Amino acid sequence: MNALNNFHMRGDFMRMVKSIMKLMAIITIIASLFGCSAINEPQGNDAPQVLDKTGMVYKDADYRSIYANVFDFDHYDGQPYFAVAFLGYGDRMDFRHTYVEGIFKDLGDSAIGQVGHIDFDGDEWYLIVPRYKEDVDILNLDTGDVHTIYNGEAFTVRCNLSDLHPNIEISTEQNLSGHKFSPQIGGDGKLVPNPDVWDITDYTVMEEN
């Protein structure tokens, strides 16, 4: 009789173990499903990044300004927060107008007219195109004054008295992580590299102008 009872007890124990294993398998499947869906969901205040059909490229065009969408940010190698073009030295206002009108010609006269310009001490000219529709601060490193560009609109700046020391810092506080850079030309005559910057300068055009 004891042997029979022990047999039944072992059977009950095995059935309980099998039930627990099935339950754990179900929980694992549910957790994996939720985990996969979370990959493409927005994290915090970051702009959502939606995988395209190849599963390789992140697209966030809906969160960018019309100016940023002139450029193919989605297929650029990296995650820059600014597209920047060097426009030359000295008195470049006429060239600035021609360049802005040319690069944004498909946006129309109204959008072109909204591209602002800020003068600081110096003779280097740049076009700055923020990636996202968020406010951008321009800090004067000499005075501490801050100029704000709203809603990620494109703008141009004249700055930098010295080739060695930039006098402005351009920044965004997306998700409080902070992305910033100081536009500056290096010894090779090109924009100093920065992971937050995509250099869109056409240096062939610059040599001709």
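The values are calculated or read from the model by the stated rules, or taken from the named source; none is laboratory data. Being a predicted model, the structure only gives us computed values, none of them experimental. Reconstructed Cβ throughout: ideal geometry from the backbone, glycine too, with neighbour counts over all protein chains shown. Areas reflect the complete protein model, heavy atoms only, side chains present, ligands, DNA and RNA absent. Shrake-Rupley method; radii C 1.70, N 1.55, O 1.52, S 1.80 Å.
Pick from 135, 121, 163: which is at pLDDT 95 or above, open to solvent by 60 Å² or more (accessible area, probe 1.4 Å) and among the acidic types (Asp, Glu)?
Numbers: 135 fails: at pLDDT 95 or above; 163 fails: at pLDDT 95 or above.
Result: 121 is the single residue among 135, 121, 163 that is at pLDDT 95 or above, open to solvent by 60 Å² or more (accessible area, probe 1.4 Å) and among the acidic types (Asp, Glu).
Taking the conditions exactly as written (open to solvent by less than 50 Å² (accessible area, probe 1.4 Å) and of a type in the set (Ser, Thr, Tyr)), does residue 172 satisfy them or not? Here the answer is yes, as residue 172 does meet what is asked. Only residues that are in contact with a helix residue (DSSP H, G or I) (Cβ under 8 Å, 6 or more places away or on another chain) and in a loop (DSSP other than H, G, I, E, B) were counted across region 82-104, and they come to 1. Cβ-Cβ contacts under 9 Å between residues 6 or more apart (or on different chains), taken from a first residue in region 63-81 that is within 14 Å of residue 151 (Cα to Cα) and assigned to a loop (DSSP other than H, G, I, E, B) to a second residue that is modelled with pLDDT under 85 and of a type outside the set (A, V, I, L, M, F, W, C), are listed as 81/174.
Among the residues making up region 154-183, those that are within 18 Å of residue 141 (Cβ to Cβ), in contact (Cβ under 8 Å) with a residue 60 or more places away in the chain and of a type outside the set (Val, Ile, Thr) are 158, 179, 181, 183. Within region 93-110, if we keep just the residues that are touching a residue at least 40 places away in the same chain (Cβ under 8 Å) and open to solvent by less than 30 Å² (accessible area, probe 1.4 Å), the residue that is farthest from the chain's Cα centre (by Cα) turns out to be 96.
Do the conditions hold for residue 119, that is, is it closer than 19 Å to residue 100 by Cα and in contact with a strand residue (DSSP E or B) (Cβ under 7 Å, 6 or more places away or on another chain)? Yes. Within region 193-209, take every residue that is open to solvent by 50 Å² or more (accessible area, probe 1.4 Å) and in contact with a strand residue (DSSP E or B) (Cβ under 7 Å, 6 or more places away or on another chain) and give me the one that is farthest from residue 84 (Cα to Cα). Among those residues, the one meeting the criterion is 209. When residue 189 is tested against the conditions (1) surrounded by fewer than 17 Cβ atoms within 10 Å (Cβ to Cβ); (2) assigned to a strand (DSSP E or B); (3) of a type in the set (Gly, Ala, Ser), the lone failure is (2). Every condition in (1) at pLDDT below 95; (2) open to solvent by less than 50 Å² (accessible area, probe 1.4 Å); (3) of a type outside the set (D, E, K, R) is met by residue 177 except one, and the failing one is (2).
Among the residues of region 149-160, is any farther than 26 Å from residue 186 by Cβ and modelled with pLDDT of 95 or more?
If we filter region 149-160 for residues that are farther than 26 Å from residue 186 by Cβ, which is where we start, we get 150-153.
Filter once more, keeping what is modelled with pLDDT of 95 or more: 153.
There is at least one residue in region 149-160 that is farther than 26 Å from residue 186 by Cβ and modelled with pLDDT of 95 or more.
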